[in-house]
Amino acid sequence: MTGQGRRSGTDAARQALIASIVCYLLWGATPILFMSLGHAGAGAWEIVGQRAMWAAPWAVLLVLVGGQGPELWRVLRQPRTVGLLALSAASVSSGWVVFVWAVNHGMNIESSLGYYINPLMNMAAGAVFFRERIDRIGLAAIALAAIGVAIQTMALGHPPIVALFLATTFWIYGLIRRQVDADALAGLCVECLLLAGPGIAFSLWLHAHGAGIFGQAVGSSVLLSLTGPVTVFPLALFSWTARRLPFSTIGFVQFLSPTVSFLIGLAVGERLSPLAAFSFVFIWAGAIMFAYGAWRAGRRI
């Protein structure tokens, strides 16, 4: 390979890494937007309805810009694929509702727990459903996360339902998407189109009953409209970088998102008892163990 070719490959890898970091930082920072909307008077259902409504046109735009129109049309002509995407859309939207509700009820820290353990749940699911082999490092990571969840349960006095629900819905989402014969961007667009109808209908119902904040003030209306690109762009960045970065790199970067959410929770004064903080020691240890295993596996390739 020539020096110019090596520089080109290095530049492409650097661009993909930067895009991946931006993607996970955006995901981690979304509670700021949702909390702002909550303070403006928007409920979780209105935020999710508006999110579904505004995400669809942005997803269509990205499909057209990316030249994925033929792929989108192919997917739409396959009833089984559309049905699976309807299930994945239902799973991800239920996670949206709980996440938005949680961050507006002072539960950023517990929500971040869900996104720390989600990759470990995916690893376990791979072993159970797809007979993927888990090495000792992976088993140690899962065990550490399980200990962390158990301690978190003792700290809360009940299971961390929000965290487990978020982790489970995104685990189900990933499980379904793995079975879908569709490009990532085209599949995302179909999901957004499927959710847009209910989102528009619910938003119109709220407006008719004078219960929604959209249209009442320019600032809050603009913030609600931003939920569309905030939803679509990180997913588009993820689909772009996932094909250009090794799994080992993604294994490290993906923990940026819950870390940002965790720090947001601390910044807004959410309570973190000593026992709850101790539970995160095990969660972070599991996350680091997972990232190390991904890095080691990437070196073998």
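The values are calculated or read from the model by the stated rules, or taken from the named source; none is laboratory data. From a predicted model like this one, the values you see are computed outputs, not experimental measurements. All Cβ positions, even for glycine, are placed from backbone atoms using ideal geometry, and neighbour counts span all protein chains on display.
P258 meets the conditions (1) within 30 Å of Q78 (Cβ to Cβ); (2) buried (at least 21 other Cβ atoms within 10 Å of the Cβ) in every case but one. The failed one is (1).
Tell me, please, whether a residue that is of a type in the set (S, T, N, Q), under 12 Å from N104 (Cβ atoms) and at pLDDT 90 or above can be found in the stretch 34-46. Within the stretch 34-46, one or more residues are of a type in the set (S, T, N, Q), under 12 Å from N104 (Cβ atoms) and at pLDDT 90 or above. When the test is whether a residue is more than 19 Å from I161 (Cα to Cα), touching a residue at least 60 places away in the same chain (Cβ under 8 Å) and assigned to a helix (DSSP H, G or I), A125 does not pass it.
Can you find a residue that is aliphatic (A, V, I, L, M), closer than 17 Å to W295 by Cα and surrounded by 15 or more Cβ atoms within 10 Å (Cβ to Cβ) anywhere in the stretch 120-130? Checked against the condition, which is being aliphatic (A, V, I, L, M), closer than 17 Å to W295 by Cα and surrounded by 15 or more Cβ atoms within 10 Å (Cβ to Cβ), the stretch 120-130 yields at least one hit.
Rundown of residues vs (1) among the acidic types (D, E); (2) touching a residue at least 60 places away in the same chain (Cβ under 8 Å); (3) touching a Lys or Arg at 6+ places or on another chain (Cβ under 9 Å), yes/no style:
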position: A167; (1), (2), (3): no, no, no
position: Y173; (1), (2), (3): no, yes, no
position: L185; (1), (2), (3): no, yes, no
position: L195; (1), (2), (3): no, yes, yes
position: I200; (1), (2), (3): no, yes, no
position: S203; (1), (2), (3): no, yes, no
position: V218; (1), (2), (3): no, no, no
position: S221; (1), (2), (3): no, no, no
position: T227; (1), (2), (3): no, yes, yes
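Note on the stretch 136-173: residues that are in contact with a helix residue (DSSP H, G or I) (Cβ under 6 Å, 6 or more places away or on another chain) and either part of a helix (DSSP H, G or I) or farther than 23 Å from L113 by Cβ (or both) total 22. Applying the condition of being under 20 Å from the mean Cα position of the chain (by Cα) and aromatic (F, W, Y) to the stretch 207-262 and asking which residue is modelled with the highest pLDDT yields F262.
Report yes if some residue within the stretch 78-101 is crowded, with 21+ Cβ neighbours inside 10 Å and more than 19 Å from the chain's Cα centre (by Cα); otherwise report no. Checking the stretch 78-101: not a single residue is crowded, with 21+ Cβ neighbours inside 10 Å and more than 19 Å from the chain's Cα centre (by Cα). Of the residues making up the stretch 172-184, one or more are on the phi < 0 side of the Ramachandran plot, modelled with pLDDT under 90 and among the hydroxyl-bearing types (S, T, Y).
Against the list (1) crowded, with 18+ Cβ neighbours inside 10 Å; (2) out of contact with any Leu (no Cβ under 8 Å at 6 or more places or on another chain); (3) not aliphatic (A, V, I, L, M), the condition F214 fails is (2).
Of all residues in the stretch 177-193, those that are in a helix (DSSP H, G or I) and buried (at least 19 other Cβ atoms within 10 Å of the Cβ) total 10.
Of all residues in the stretch 207-226, those satisfying the criterion of being assigned to a helix (DSSP H, G or I) and touching a helix residue (DSSP H, G or I) at 6+ places or on another chain (Cβ under 6 Å) are L223, L224, S225.
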